[in-house]
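Remarks on the structure that follows.
The values are calculated or read from the model by the stated rules, or taken from the named source; none is laboratory data. Model, not experiment: these values are computed from the prediction. Here Cβ is always computed from backbone atoms with ideal geometry, including for glycine, and neighbour counts include all displayed protein chains.
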Ligand code: ZN
């Protein structure tokens, strides 16, 4: 069966070490790949996820030591949320308080308890208590017991001028279906995808446009099983919606195309294959700096300019 949903989310961060410390030490995600920005090999590209870096759990960052903060606005991801067992919300509230993490009072959305908070760069995140998610696999990191650990993405909330054009792309290209409306949000869900299966569309006409910077989501990637599935999606985007899509780029761990969806958010379609165990063993993911073949000859030069992580 075709599995749809979010493949990964990529955001911009400030100092790399602070970013690494927060996502592994406070949130307990696994660092699944330590590589460079393939378009700028003097900067890090850090990938966090579950034990195997499975699609639907992968949050990645381009950290720049002196990145200016972004400004939330139209055409951007407003919030990125993680799934945790419903019984774990008390644990997480306590944990965020004890680590001095800026957070809101828990609220109900679509019947689920949501604890919104910020990362050190001001990125808007949330933990969502999802009944039944305790049965899903978890990575035990940061001293967090498996029974309360993050289970990958719940979803993202996009801030848009109008929800409908983006909803049409999600439905007709990525297999999502509308799953409800509440408080100005149209909830789109990918059937059969518990992890990374939700995209909430918040229509907020008249808001200022977004300005990218530290704390901003750069793009949201959706899953395609393989090249054939990706090509089928590209054909729909170009022929049915008249959108321009980039050529495929090899990102080593997946193959990607990019396009600007009608609401202004940068979308990517990333293949599920080959995954993160292609260049290091699954049990030591993230252990050493991995470079694409074209940069290997420059390894010592690159290692010398990358900011220290420890
Ligand atoms: Zn990406």
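Of the numbered conditions (1) within 19 Å of the chain's Cα centre (by Cα); (2) more than 16 Å from the ligand (Cβ to nearest atom), residue 229 fails exactly one; give the number of that condition.
Condition not satisfied by residue 229: (1).
State whether one or more residues within segment 171-180 are part of a helix (DSSP H, G or I), modelled with pLDDT of 95 or more and in contact with a strand residue (DSSP E or B) (Cβ under 7 Å, 6 or more places away or on another chain).
Checked against the condition, which is being part of a helix (DSSP H, G or I), modelled with pLDDT of 95 or more and in contact with a strand residue (DSSP E or B) (Cβ under 7 Å, 6 or more places away or on another chain), segment 171-180 yields at least one hit.
Please state which of the following conditions residue 195 fails to meet, knowing it meets all the rest: (1) more than 16 Å from the ligand (Cβ to nearest atom); (2) in a loop (DSSP other than H, G, I, E, B); (3) in contact with a helix residue (DSSP H, G or I) (Cβ under 8 Å, 6 or more places away or on another chain).
(3)
Here is a list: 243, 289. Which entry is over 22 Å from residue 46 (Cβ atoms) and either away from the ligand (no atom under 13 Å from the Cβ) or touching a helix residue (DSSP H, G or I) at 6+ places or on another chain (Cβ under 8 Å) (or both)?
243
Quick check on this structure: which one of 202, 232, 187 is more than 20 Å from residue 127 (Cα to Cα) and either in contact with a strand residue (DSSP E or B) (Cβ under 9 Å, 6 or more places away or on another chain) or in contact (Cβ under 8 Å) with a residue 60 or more places away in the chain (or both)?
So the residue among 202, 232, 187 that is more than 20 Å from residue 127 (Cα to Cα) and either in contact with a strand residue (DSSP E or B) (Cβ under 9 Å, 6 or more places away or on another chain) or in contact (Cβ under 8 Å) with a residue 60 or more places away in the chain (or both) is 232.
Would you check if residue 151 is in a loop (DSSP other than H, G, I, E, B) and surrounded by 22 or more Cβ atoms within 10 Å (Cβ to Cβ)?
So residue 151 fits the description; yes.
For segment 34-47, does any single residue satisfy the condition of being closer than 19 Å to residue 124 by Cα, touching a strand residue (DSSP E or B) at 6+ places or on another chain (Cβ under 9 Å) and at pLDDT 95 or above?
So far as segment 34-47 goes, yes, one or more of its residues are closer than 19 Å to residue 124 by Cα, touching a strand residue (DSSP E or B) at 6+ places or on another chain (Cβ under 9 Å) and at pLDDT 95 or above.
Can you tell me which of (1) in a strand (DSSP E or B); (2) without any contact (Cβ under 8 Å) to a residue 60 or more places away in the chain is the one residue 159 doesn't meet?
Every listed condition holds for residue 159 apart from (2).
Report yes if some residue within segment 50-64 is out of contact with any strand residue (DSSP E or B) (no Cβ under 9 Å at 6 or more places or on another chain), away from the ligand (no atom under 16 Å from the Cβ) and part of a loop (DSSP other than H, G, I, E, B); otherwise report no.
Checked segment 50-64: no residue is out of contact with any strand residue (DSSP E or B) (no Cβ under 9 Å at 6 or more places or on another chain), away from the ligand (no atom under 16 Å from the Cβ) and part of a loop (DSSP other than H, G, I, E, B).
Which residues, taken from segment 5-38, are part of a loop (DSSP other than H, G, I, E, B) and within 11 Å of the ligand (Cβ to nearest atom)?
38
When the residues of segment 54-86 are filtered to those that are modelled with pLDDT of 95 or more and in contact with a helix residue (DSSP H, G or I) (Cβ under 8 Å, 6 or more places away or on another chain), which remaining residue is surrounded by the fewest Cβ atoms within 10 Å (Cβ to Cβ)?
The qualifying residue surrounded by the fewest Cβ atoms within 10 Å (Cβ to Cβ) is 86.
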